[in-house]
Amino acid sequence: MKCSTEEIKEMRGFQFFVNNCDKDDLYKRISDIKSLSDSSGKTYILRLAESNYFRFELLFIPNTVTLISVATARGTNNINLRDFESLDDLISLSCCVSTNEQLREASKNFLNERTNEAEIVDLFSQKEEFEVNTDCSKVKWNEIKFPETVEGKWNTTELATVGKLSLKALAGQIKFLAISTERPQNSIKFTNFERFSSLCCFLNLVKKKLDECPAIVEAIKPFLTQEKKRRSRKQ
């Protein structure tokens, strides 16, 4: 699959905000944000990359582990991940779903896709093009079966899984597809099937940037497992 920051509208305006690959400096900067979050009791969000539609961030929640967050640029449509292995699974699932032609055709009768969305463009942008070849051998596919709409109730079917992530179809007040963790509410939702390929391309470009600067990954990892030690109760 070909990815382009010019031809794919959700990829336009791509920026990677890490321009320093010194591990010690990166660790200190991240540690300062984590300390600020813990001391203030406020959630902090650190932007690492974004396009006109997607964001790749670190989510600092006070006094608990830091999370990797993949979100849309507007609203609260986001999935939070605990490690980089789950990020790889998200890349794999989004890419493999986007290239599953049988699922694509079947979803046309399920999703009510909007075609009148505004086009976001930039005066100046840097064009990047690359090919994505995804190994789908780890994806477990289930029967393509979409839930029926029942008034006052949400119905769901599971279409595919990889690692701790799953692709589900949901029908209620609206119909959409979602990639979720083991906690169903922790999910990124899609009402447009083409967004799977856009997310695939966005995350592959993020992955490419991370691979070019491994120090940022090494600086982040300790915060994904670090929890503030519980204070012992006073006797």
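Which count do you get for residues in region 131-168 that are within 22 Å of F202 (Cβ to Cβ) and in contact with a Leu (Cβ under 7 Å, 6 or more places away or on another chain)?
So the answer is 7.
Please enumerate the residues belonging to region 172-216 that are within 26 Å of V18 (Cβ to Cβ) and not in a helix (DSSP H, G or I).
The answer is I179, T181, N186, I188, C213.
Since L36 meets every condition but one in (1) crowded, with 17+ Cβ neighbours inside 10 Å; (2) aliphatic (A, V, I, L, M); (3) more than 23 Å from A178 (Cβ to Cβ), which condition does it not meet?
The single condition L36 does not satisfy is (1).
Say we look at region 68-87 and pick out the residues that are in contact (Cβ under 8 Å) with a residue 40 or more places away in the chain and of a type in the set (D, E, K, R); which of these is surrounded by the fewest Cβ atoms within 10 Å (Cβ to Cβ)?
Here the residue is E85.
If I ask for residues that are modelled with pLDDT of 95 or more, part of a loop (DSSP other than H, G, I, E, B) and among the acidic types (D, E), which ones from region 4-31 would you list?
Answer for region 4-31, where residues must be modelled with pLDDT of 95 or more, part of a loop (DSSP other than H, G, I, E, B) and among the acidic types (D, E): just D22.
Check off (1) within 21 Å of V18 (Cα to Cα); (2) in contact (Cβ under 8 Å) with a residue 40 or more places away in the chain for V65 and give me the number that stays unchecked.
(1)
Take region 118-139 and flag every residue that is surrounded by 10 or more Cβ atoms within 10 Å (Cβ to Cβ) and charged (D, E, K, R).
If the condition is that a residue be surrounded by 10 or more Cβ atoms within 10 Å (Cβ to Cβ) and charged (D, E, K, R), then D122, K127, E128, E129, K138 are the ones that fit.
Just give me the residues in region 15-31 being under 19 Å from R55 (Cβ atoms) and aromatic (F, W, Y), in sequence order.
F16, F17
If we scan region 16-27, do we find a residue that is touching a helix residue (DSSP H, G or I) at 6+ places or on another chain (Cβ under 6 Å) and either without any contact (Cβ under 8 Å) to a residue 60 or more places away in the chain or under 25 Å from L123 (Cβ atoms) (or both)?
The answer is yes, given that some residue of region 16-27 is touching a helix residue (DSSP H, G or I) at 6+ places or on another chain (Cβ under 6 Å) and either without any contact (Cβ under 8 Å) to a residue 60 or more places away in the chain or under 25 Å from L123 (Cβ atoms) (or both).
Modelled with pLDDT of 90 or more and of a type in the set (D, E): which single residue out of E119, E113, E151, E143 fits that description?
Just a single option satisfies the conditions, and that option is E143.
Might you let me know whether region 151-163 holds any residue that is surrounded by fewer than 20 Cβ atoms within 10 Å (Cβ to Cβ), free of Cβ contacts under 8 Å to residues at least 40 places away in the same chain, touching a Gly at 6+ places or on another chain (Cβ under 8 Å) and not in a loop (DSSP other than H, G, I, E, B)?
Yes, that holds for at least one residue.
From S98, S94, which residue is under 12 Å from the mean Cα position of the chain (by Cα), crowded, with 21+ Cβ neighbours inside 10 Å and under 18 Å from K208 (Cβ atoms)?
S94
The values are calculated or read from the model by the stated rules, or taken from the named source; none is laboratory data. Computed from a predicted structure; not experimentally measured. Positions of Cβ are backbone-derived with ideal geometry, glycine not excepted, and every protein chain shown enters the neighbour counts.
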